[in-house]
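Colleague: Structure incoming, see below.
The values are calculated or read from the model by the stated rules, or taken from the named source; none is laboratory data. Since this is a predicted model, take the numbers as computed values, not measurements. SASA here: full protein model, heavy atoms, side chains in, ligands and nucleic acids out. Shrake-Rupley method; radii C 1.70, N 1.55, O 1.52, S 1.80 Å.
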Amino acid sequence: MERRTFIYNKDTYNAYDAQRIVFEAGKYKSEIVFEDGNKRGNAKSIIGLLSMKFLKGDEYTVLAEGPDARAAAKGLADFISKL
C-alpha cells in the first residue's frame, strides 16, 4: 500500500472539483481512497468524494493499493494540490 499526504489549497470544494478528481483517479488501475483521520472516501466515486468535504489548509492522505499504487498515490496528491 502506498501513502501520500497533501494539503488542500483551494478556497472552495464542489461537485466540479470532485468530478475532476474522479476522472483523474480513473486513469489508474489501483484502488484509491482519501482519508482525513475521521472519514474515508473512494477516489473513483463522486459520492465518496463529495462526502469528504475538503477544506482549505487541511491535510489529507491518499491511500492506493494495486499494480500502479505508487504512481496513483503520487499523481493524485500532486493533482489535488494544484487544483
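Colleague: Near LYS56, which lysines are there with a Cα under 24 Å away, not counting those fewer than 8 places off in the same chain?
Modeller: LYS56 reaches LYS10, LYS39, LYS44, LYS74, LYS82.
Colleague: Taking all protein chains as present, what is the carbon and sulfur share of the accessible area of the chain, in % to the nearest whole number, probe 1.4 Å?
Modeller: 49 percent
Colleague: Where does helix 15-25 land angle-wise versus the long Cα axis of the chain, in degrees 0 to 90, nearest 10?
Modeller: The angle comes out at about 10 degrees.
Colleague: Quick one: compute the contact order of the chain, relative version, from alpha carbon pairs under 8 angstrom and 6+ residues apart, as a percent.
Modeller: Contact order relative to length: 47 percent.
Colleague: Related question: Considering the values (i) 4.4; (ii) 4.8; (iii) 10.2, which represents mean projected area of the Cα convex hull in nm² as calculated for the structure under consideration?
Modeller: Correct label, based on the coordinates given: (i).
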